[in-house]
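Enquirer: I have a structure here, written as C-alpha cells, and I will follow up with some questions on it.
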Amino acid sequence: MKLHRRHVLALAGLPVLGGCASPASTATEQPLGWAGAGKTTGGAGARPEHVVDVHDRAGLDAALRLGDTPKIIRVHRLIDLCPDGPEAFRDPQFDFDAFDRAFADGREPQGPLEDARKRSARRQAEAVTVRLPSNTTLLGAAPGAGFERGMVLLDKVRNIVIRDLSFSDAYDFFPAWDPKDNGHGEWNSEYDTLSLRTAERVWVDHCRFDDGRRPDRLEPVRLGQRVQHHDGLLDITNQSDLVTVSWCRFQAHDKTMLIGSGDGKTADDGRLRVTLHHNHFHACKERTPRVRFGRVHVASNLFSATRAEDFGYSLGVGVQSRIVSEHNRWELPPGIGADRLIRRLKGTAFLDRGSRLNGRPVDLLAAWQAAHPGETLSADVGWAPEAFYDTAALRPAQPDRLAEQIRAGAGPRRG
C-alpha cells in the first residue's frame with residue numbers, strides 16, 4: 001500500500017517539505033505543548049497491513065474495527081456521516097410544532113412528546129457518531145478529506161493523532177429545550193464536530209472546523225429562542241488530558257471550544273492540560289476557548305472578525321481555570337476594546353503577555369481590570385508552561401508577521 005511522501009516523512013520523524021505546511025507544524029512528528037509532553041504518537045509503528053486507505057463510511061467502519069491496534073487511517077474524501085434527513089430518525093410520536101405548543105408555558109419538557117424526542121435523538125446519535133479507538137492516526141490524504149453531518153468522538157481513549165482533515169456541520173435534528181438555561185431558556189444540541197471525553201494524549205493538527213451550509217443564525221425561532229442545531233466545534237471535557245490543538249482553522253461558529261464542561265466537575269482538577277497554538281478563530285463568537293479547571297496554554301493564535309456581531313469574547317476564564325495567554329493576535333472591527341477579549345466566568349486568575357489588538361500591544365488583564373472596577377483577576381495562575389515543555393517554538397520568530405503566517409498556514413494542507 002503506497003503512502004504519500006509527506007506522510008512517510010512525517011511518520012519517520014523527518015522534515016516535511018512542500019505544500020502549504022508551515023515550518024512550525026512540520027519540523028517533527030512529535031507535537032509541541034502538552035500532547036508532546038505526553039509523548040503522543042498515534043498509530044506510529046503500525047504494521048503495513050494496518051495502514052488503511054478510506055474512501056467511504058463502510059471503509060471507515062472497517063478500519064475502526066482494528067480496535068486499539070496501532071493504525072494509520074488515510075481519508076481520501078469528505079465522508080457524509082448522516083446522508084439521511086430527520087424523517088429517518090424521527091419517532092412517529094414526535095412533532096416539533098406540537099412540542100412548541102406543549103411547552104410554550106415555560107414548563108420543563110416531560111411526558112410523551114419529550115420521550116419521543118429523546119428516542120429520535122438516540123436513533124440519530126447511533127447513526128452519526130464515529131468512535132475512534134486508541135493508538136490511531138487519522139490523516140487527510142486528499143484535498144477536502146474529512147467528515148460532515150456527524151460527530152467524531154474520542155471517548156475513554158488515548159494516544160490519537162488527527163491531521164489535515166475537515167470537520168463540518170454536526171447537525172442535531174432533535175435539540176433539547178431547557179427553559180431555565182441562561183434565565184430565559186435555550187436550545188441545546190448534542191453533537192460537536194470533534195469531541196474529546198476522557199481522552200488522553202491527543203494531537204489535533206492542521207484541521208478545519210465549521211458549520212457547513214447550515215449555520216444556526218438561519219434557523220427559526222421556537223419557544224422564544226433561535227433553535228440551536230450545532231454544539232461545539234471541538235470540545236475537550238470529562239477529565240481529558242495532555243492535548244495539543246495546532247494550526248487549525250475554526251470558522252463562523254458561536255460556542256466554539258469548551259474545555260471543562262461543568263463547574264461541579266471537580267474530578268477535572270489536575271487534568272484538562274491543553275495547548276492551543278497557531279490556530280485561526282475567524283468569526284467565532286465565543287469560547288475560543290472557555291475553560292474550567294484546566295492548565296491551558298493559548299500561544300500565538302489569531303482571533304479575527306469582520307463584523308462586530310460575530311464577536312462576543314475570546315478567552316473565558318471559568319472556575320479554577322489557569323490560562324496562560326502569550327503572543328496572541330486579534331484583528332477585530334473598530335469599537336471592540338481589549339477589555340472584551342476575555343470574560344470572567346467565576347475564574348480568579350489569568351496571565352497574558354505579548355498580545356496585540358489590531359497591530360497594537362495591549363495588556364488584556366489591565367484592560368479588563370480597568371473596565372471592571374471592584375472585581376479582581378490575579379495574574380498568578382500557579383504554573384508556567386516552560387516548566388513542563390519547550391516553549392521556544394511557540395513564540396513568533398517574526399512577531400509582525402505572525403497573523404499573516406497563521407492565515408496562510410492554518411487548516412488542512414494540500415500536497
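None of the figures in this text is laboratory data; all of them are computed from the coordinates on show. The model shown is predicted, which means the values in this text are computed figures rather than measured ones. When we count neighbours, we look across all protein chains shown, and the Cβ atoms used for this are built from the backbone with ideal geometry, even at glycine.
Enquirer: Among bridges DSSP assigns within segment 107-220, what percent are antiparallel (round to 5)?
Expert: That works out to approximately 10 percent antiparallel.
Enquirer: From the backbone phi of segment 36-49, what are the Karplus-calculated ³J(HN,Hα) couplings (6.51 cos²θ - 1.76 cosθ + 1.60, θ = phi - 60°) in whole Hz, Gly and Pro given as x?
Expert: Per-residue couplings from phi come out as x, 4, x, 6, 7, 10, x, x, 3, x, 4, 5, x, 6 Hz.
Enquirer: For segment 180-191, take each phi angle, set θ = phi - 60°, evaluate the Karplus expression 6.51 cos²θ - 1.76 cosθ + 1.60, and give the result in whole Hz per residue in order, putting x for glycine and proline.
Expert: Taking θ as phi minus 60°, the curve returns 9, 4, 6, x, 10, x, 8, 8, 10, 9, 9, 9 Hz for segment 180-191.
Enquirer: Long-range amide H contacts for Ala283: which residues qualify at under 5 Å (H placed 1.01 Å from N, peptide plane, sequence gap of 5 or more or a different chain)?
Expert: Under 5 Å from the amide H of Ala283: Ala252, Ser304, Ala305, Thr306.
Enquirer: Which order do the peptides 37-43, 63-69, 88-94 take when ranked by the mean count of other beta-carbon atoms within 10 Å per residue, highest first?
Expert: Result, highest mean Cβ count within 10 Å first: 37-43, 88-94, 63-69.
Enquirer: On to the next question. In a Gaussian network model over the chain where Cα atoms closer than 10 Å are linked, find which of Asp80, Asp231, Asp400 has the largest mean-square fluctuation.
Expert: Answer for the Gaussian network model of the chain: Asp400.
Enquirer: OK, next. Can you give the net charge of the other residues whose Cβ lies under 14 Å from the Cβ of Gly347, counting K and R as +1 and D and E as -1?
Expert: +2
Enquirer: Still on this structure: Mind putting a number on the dipole of the chain about its Cα centre? Charges go on the C-beta only, +1 for Lys and Arg and -1 for Asp and Glu, and I need it in Debye to the nearest 20.
Expert: With only Lys, Arg, Asp and Glu charged at Cβ, the dipole is about 1100 debye.
Enquirer: Related question: When DSSP assigns beta bridges and you keep just the ones with both residues in the chain, what percent turn out antiparallel, to the nearest 5? Mind showing how you got there, number by number?
Expert: On the way: 9 of 95 bridges.
For the chain, the DSSP antiparallel bridge percentage is about 10.
Enquirer: Calculate the radius of gyration of the Cα atoms of segment 276-376 to one decimal place, then report Dmax, the largest Cα-Cα distance, as a whole number, both in Å.
Expert: Here Rg and the maximum Cα pair distance are 12.3, 34 Å.
Enquirer: Between Asp269 and residues 5 or more places away or on another chain, which pairs have amide H atoms under 5 Å apart, with H built 1.01 Å from N, and which residues are they?
Expert: none
Enquirer: Specify whether the C-alpha gyration tensor of segment 340-391 places it in the rounded, prolate or oblate class, a ≥ b ≥ c being the square roots of the eigenvalues: rounded for a/c under 1.5, otherwise prolate if a/b is larger than b/c and oblate if not.
Expert: Numbers: a/c = 2.66, a/b = 1.25, b/c = 2.14.
Oblate.
Enquirer: Could you work out the local net charge near Gly43, counting Lys and Arg as +1, Asp and Glu as -1, over the other residues with Cβ closer than 11 Å to its Cβ?
Expert: Combined, the nearby Lys, Arg, Asp and Glu give +2.
Enquirer: Can you tell me, using C-alpha contacts under 8 Å and at least 6 residues apart, the relative contact order of the chain as a whole percent?
Expert: 13 percent
Enquirer: Skipping prolines and chain starts, which residues have an amide H placed within reach, meaning under 5 Å, of the one on Arg208, given they are 5 or more residues away or on another chain?
Expert: Leu165, Ser166, Phe167, Arg249
Enquirer: Give the value in nm², to one decimal: projected area of the alpha carbon convex hull of the chain, averaged over all directions.
Expert: Values: hull surface 79.4 nm².
Value for the chain: 19.8 nm².
Enquirer: I've got another one for you. When a footprinting reagent is the concern and you count Cβ atoms within 10 Å, what order do Lys71, Lys285, Lys156 take, fewest first?
Expert: Lys156, Lys285, Lys71
Enquirer: For the chain, with a Gaussian network of springs between Cα atoms less than 10 Å apart, report the residue from Thr376, Thr136, Thr348 with the top mean-square fluctuation.
Expert: Sorting by GNM fluctuation, first place goes to Thr376.
Enquirer: Okay, next question. Could you sort 253-261, 307-315 so that the peptide with the highest average Cβ count within 10 Å comes first and the rest follow in order?
Expert: Highest mean packing first, the order is 253-261, 307-315.
Enquirer: Continuing with this model, one more query. Is there a pair in Lys180/Lys285; Lys39/Lys156; Lys39/Lys71; Lys39/Lys346 whose C-alpha atoms are over 28 Å apart, and which pairs would that be?
Expert: Exceeds cut-off: Lys39/Lys346.
Enquirer: Using θ = phi - 60° and the Karplus form 6.51 cos²θ - 1.76 cosθ + 1.60, what ³J(HN,Hα) does each residue of segment 279-287 get, whole Hz, x for Gly and Pro?
Expert: In residue order, the calculated couplings are 9, 10, 9, 10, 6, 9, 5, 7, 6 Hz.
Enquirer: Here is a follow-up. Packing-wise, with mean Cβ within 10 Å as the measure, how do 144-152, 353-361, 276-284 rank, highest first?
Expert: Result, highest mean Cβ count within 10 Å first: 276-284, 144-152, 353-361.
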